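The values are calculated or read from the model by the stated rules, or taken from the named source; none is laboratory data. Quantities reported herein were computed from a predicted structural model and do not represent experimental measurements. Neighbour counts are summed over all protein chains in view; Cβ atoms, including those assigned to glycine, are modelled from backbone coordinates with ideal geometry. Just so you know, the surface numbers come from the protein's heavy atoms only, side chains and all, with ligands and any DNA or RNA stripped out. Shrake-Rupley method; radii C 1.70, N 1.55, O 1.52, S 1.80 Å.
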Amino acid sequence: MSDPKIVKLLDESSNRSSELPLVSGTLGPACIDIGTLYKDTGHFTYDPGFGSTASTKSAITYIDGDKGVLLYRGYPIEQLAENSSFLEVAYLLLNGELPKPAEFASFEHDVSHHTMMHESLKNFFQGFHHDAHPMAMLAAAVASLSAFYHDDLSVDDPADRKLAAIRLIAKMPTIAAACYRYSVGWPLRYPRNNLEYVDRFLHMMFEVPSEPLQMNPVAAKALDLLFILHADHEQNASTSTVRLVGSTGANPYASIAAGITALWGPAHGGANEAVLKQLEEIGTPDNVESAILRAKDKNDSFRLMGFGHRVYKNFDPRAKIIREMCHKVLAELGVNDPLLDVAMKLEEAALKDDYFVERKLYPNVDFYSGIIYKALGIPTEMFTVMFAIARTSGWIAHWIEQHETPGSRIGRPRQVYTGADVRDYVPTARR
Ligand code: SDX
């Protein structure tokens, strides 16, 4: 009886074989450890897009795409959405356990006392064109944090890594709000440490010199919940980017800045901005059918933004929660947004259409979130910035996990070379 923990591979063309161990985790499919494959057989594996490839072990987040399951450190996203707060979830992602009251109080104090950015960083924004995209400003400003902290930071020191995590989680809202206020020509606002995390962010975003901001508990609760839902998501493109950059020994600010730029793409976090622009382009429920036809047309690059997912082949559990939130938050805010009707009609039509059903294309986290952000008064170009604020907690948790894992190596994939065979240089006169 062959060992069930071994996969035997035979290359009949060379008669070379390899015995590859299976690696299993707490949940999910076992993985074939191919570390010795090239030495044993002279072959690489080929998996562009990494659809069948696990890049690391991780204890932070688990996704079951077929069942639509999402766990942060083992806790179902539905339970965290119902009972937790974003800052508590950030603590959980970083530390692996829900905080005891004293632990949370200490974490909240640390975050609240690292919210300010260096005064000279404010000058940074003056260099941007007035209509610079806030994601461009956010990526640049976060990368520039390296210039402020590079000298006193060792990626090998756990205390330095923890401090970097606190600084990033604390400063992202301050920098994000600065990006927005610069784009609308308002003076920047200092963080108010007496406010809770999301209230502090909303205050920095919307408080104007001429009158005090009326805090809105419905808006704060909705944004806190959206931050919980966007906090982490296993080895997605931006998290994998943070890990790859982190594997070189780059400082955490540079690593997170790389994650921000990866998130910006419309196939990833940039989809929430693209969804709203698409809903506005569709305009009314009557135009939904033609949008569905375009999305199915292989000759048309048009895709239904906010639909489909590499892992979820069932409903994205976050989309379910956000869809329910949409109705509740818009009703509580007294907002009637016709785009919600367009979104609902689009979802209904797609989920009945064979093209989407056969490909298991469901609404993902980005499909409804923009409708809520819009109701909160957040401009469309800031939607992916919201995503980045939340995902910073996941990114930095993965960056720390990677540095805490003994034997971590620099990420360096190979390739299938399809270029020219070896050839001699041709002098100019003979070309
Ligand atoms: C996020 O990875 C994560 O966890 C990401 C994320 C996170 O929290 O970090 O969940 C956040 O990025 C969510 C995804 C946001 N992106 C979008 O909503 C953009 C629209 N979606 C697609 O571009 C696409 O679905 C992806 C990028 C999300 C997934 O791409 P895949 O896995 O490479 O799927 P694919 O392109 O191979 O599509 C499979 C088939 C293709 O058709 P066929 O070639 O088989 O005929 O489905 C089609 C695609 O053309 N398809 C779509 C579609 N998505 C896939 N057709 C129309 N509209 C779509 N949205």
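Computed quantities for the displayed model
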quantity	calculated
Test: residue in the stretch 364-372 that is surrounded by 22 or more Cβ atoms within 10 Å (Cβ to Cβ), over 30 Å from Val184 (Cα atoms) and away from the ligand (no atom under 16 Å from the Cβ)	no
Breaking point among (1) within 11 Å of the ligand (Cβ to nearest atom); (2) touching a residue at least 24 places away in the same chain (Cβ under 8 Å); (3) out of contact with any Asp or Glu (no Cβ under 9 Å at 6 or more places or on another chain); (4) open to solvent by 20 Å² or more (accessible area, probe 1.4 Å), for Glu358	(2)
Test result for Tyr312, surrounded by 23 or more Cβ atoms within 10 Å (Cβ to Cβ), aromatic (Phe, Trp, Tyr) and more than 8 Å from the ligand (Cβ to nearest atom)	no
Tally of residues being more than 28 Å from Asp64 (Cβ to Cβ) and surrounded by fewer than 19 Cβ atoms within 10 Å (Cβ to Cβ) across the stretch 266-281	3
Sole residue being touching a residue at least 24 places away in the same chain (Cβ under 8 Å) and either in contact with a His (Cβ under 9 Å, 6 or more places away or on another chain) or part of a loop (DSSP other than H, G, I, E, B) (or both), chosen from Ala390, Ala420, Ala397	Ala390
Of the criteria (1) more than 15 Å from the ligand (Cβ to nearest atom); (2) modelled with pLDDT of 95 or more; (3) open to solvent by 10 Å² or more (accessible area, probe 1.4 Å), which one Pro212 fails	(2)
Among residues of the stretch 20-36, those that are in contact with a Cys (Cβ under 8 Å, 6 or more places away or on another chain) and within 9 Å of Ile6 (Cα to Cα), counted	1
Pair list, Cβ under 7 Å, 6 or more apart: the stretch 1-21 residue basic (Lys, Arg), other residue at pLDDT 90 or above and open to solvent by 100 Å² or more (accessible area, probe 1.4 Å)	Lys8/Glu19
Hits in the stretch 147-169 - residues which are more than 16 Å from Met386 (Cβ to Cβ) and in contact (Cβ under 8 Å) with a residue 60 or more places away in the chain	Tyr149, His150, Leu153, Val155, Asp156, Pro158, Arg161, Lys162, Ala164, Ala165
Flag if Tyr91 is surrounded by 15 or more Cβ atoms within 10 Å (Cβ to Cβ), closer than 30 Å to Ile175 by Cα, of a type in the set (Phe, Trp, Tyr) and touching a residue at least 24 places away in the same chain (Cβ under 8 Å)	no
Scan of the stretch 268-300 for residues that are part of a loop (DSSP other than H, G, I, E, B) and more than 10 Å from the ligand (Cβ to nearest atom), ordered by number	Gly283, Thr284, Asn299
Failed item, numbered, when Ser240 is tested on (1) within 26 Å of Ser120 (Cβ to Cβ); (2) polar (S, T, N, Q); (3) within 16 Å of the ligand (Cβ to nearest atom)	(1)
Criterion (surrounded by 15 or more Cβ atoms within 10 Å (Cβ to Cβ), away from the ligand (no atom under 16 Å from the Cβ) and within 17 Å of Asp366 (Cα to Cα)) met by exactly one of Ile400, Ile389, Ile378	Ile378
Answer residue from the stretch 315-338, given it is within 16 Å of the ligand (Cβ to nearest atom) and β-branched (Val, Ile, Thr) and is nearest to Ala274 (Cα to Cα) among those	Ile322
Residue that is under 30 Å from Asp131 (Cα atoms), of a type in the set (Lys, Arg) and part of a helix (DSSP H, G or I), where the choices are Lys328, Lys345, Lys374, Lys320	Lys374
Failed criterion for Phe302 (all others in (1) over 25 Å from Ile63 (Cβ atoms); (2) within 26 Å of the chain's Cα centre (by Cα); (3) buried (at least 16 other Cβ atoms within 10 Å of the Cβ) hold)	(3)
Given (1) within 15 Å of the ligand (Cβ to nearest atom); (2) more than 19 Å from His398 (Cβ to Cβ); (3) open to solvent by less than 60 Å² (accessible area, probe 1.4 Å); (4) out of contact with any Pro (no Cβ under 6 Å at 6 or more places or on another chain), number of the condition Gly68 does not satisfy	(4)
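Yes/no matrix, rows are residues, columns are (1) within 16 Å of the ligand (Cβ to nearest atom); (2) touching a residue at least 40 places away in the same chain (Cβ under 8 Å); (3) among the charged types (D, E, K, R); (4) surrounded by fewer than 17 Cβ atoms within 10 Å (Cβ to Cβ):
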position: Val23; (1), (2), (3), (4): no, no, no, yes
position: Asp33; (1), (2), (3), (4): no, no, yes, yes
position: Gln79; (1), (2), (3), (4): no, no, no, yes
position: Ser84; (1), (2), (3), (4): no, yes, no, no
